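Written below as structure tokens is the structure these notes are about.
The values are calculated or read from the model by the stated rules, or taken from the named source; none is laboratory data. In this text the structure is predicted, and so the values were computed from the model without any measurement. Here the Cβ is made from the backbone with ideal geometry for all residues, glycine too, and neighbour counts use every protein chain on show.
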């Protein structure tokens, strides 16, 4: 036997030639001492930002998601983590490597079929890290269906097996991270916490990740295991308060992360809710979320003026004054326009028209009555 054969034999795991290797999934050992959740999240968020260029809201969301994975059985719904970038070399794979060092039973792949995915989940319940997802998911309805169904603990698919074609149910319930350039199908994005990356500028710094030097990550993973084990019952019973504009599917996605933040304490309840608001309504590419955000701010505009009608120009003026919302820099750094407002409201059946004010002035705008149905269907009751 050659020296090379001696070196690679352990890595072959006694697999038959051409038959691949068994899955190698590891669980972190729980930290031997009680863990401060506040300090743990601080360290984990900071560690993410050491190796990947991203904003603090995204780093906080990653830290919360990772700790939530360690308490995965506490949840009935758990979001996917979707890492996107406009181009290559933005740090997607590096972020997946960092996350993979933190989570239990990490399993990374650059491609997978629907059958392999649900059979792997049923057999091993890994934390799946699906890199390059844009290359094999966008046009695969069967694969998309498996990923969508695993958003809930009762998610699964039914397939026939054996010579007798016996119907059997396969669970699809597992934590999943996806990394992609651009967008994935809307049903996947709707079930995800979205993390947007950008290429590092020359004046921005990040450390090179060495996968052979991850002792710090192993320590944090061990601490997360201990903290989650100590708080799993509390987390499962938690019903955290949501920011006013986050409800329905986004609220389902953020509930586990906010529960982790509330249990950790310190600044994290506020930090988590700031991240939820920022990441849910960041940018204008997800028009469904943006339209709902617009409805909420239009309702506030009517209420703030105690008015039953608003001119389009007055509505624009109100929106661009909201510094924490997307409207001041809606497209390419420019404020939202009357035309863009009209386009966003059109799917709700709301159209602008000529309205008359008590002083005899006429202008293009909206009557509040046109919004009543949309307010009732898409917004929570006003406080």
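Restricting 278, 216 to those that are at pLDDT below 95, surrounded by 14 or more Cβ atoms within 10 Å (Cβ to Cβ) and not in a loop (DSSP other than H, G, I, E, B) reduces the list to 278.
In summary, strands (runs of 3 or more DSSP E) completely within region 99-186 and bearing 1 or more residues that are touching a residue at least 60 places away in the same chain (Cβ under 8 Å), in the same structural domain as residue 227 (by TED's automatic domain parsing) and under 19 Å from the mean Cα position of the chain (by Cα) occur at 106-109, 176-181.
Please work out if residue 336 is surrounded by 13 or more Cβ atoms within 10 Å (Cβ to Cβ), closer than 30 Å to residue 182 by Cβ and free of Cβ contacts under 8 Å to residues at least 40 places away in the same chain. Here the answer is yes, as residue 336 does meet what is asked. Residues in region 247-273 that are touching a helix residue (DSSP H, G or I) at 6+ places or on another chain (Cβ under 7 Å) and at pLDDT below 95: 2 in all.
The requirement of being within 19 Å of the chain's Cα centre (by Cα), at pLDDT below 95 and not in a loop (DSSP other than H, G, I, E, B) is fulfilled somewhere in region 67-84, by at least one residue.
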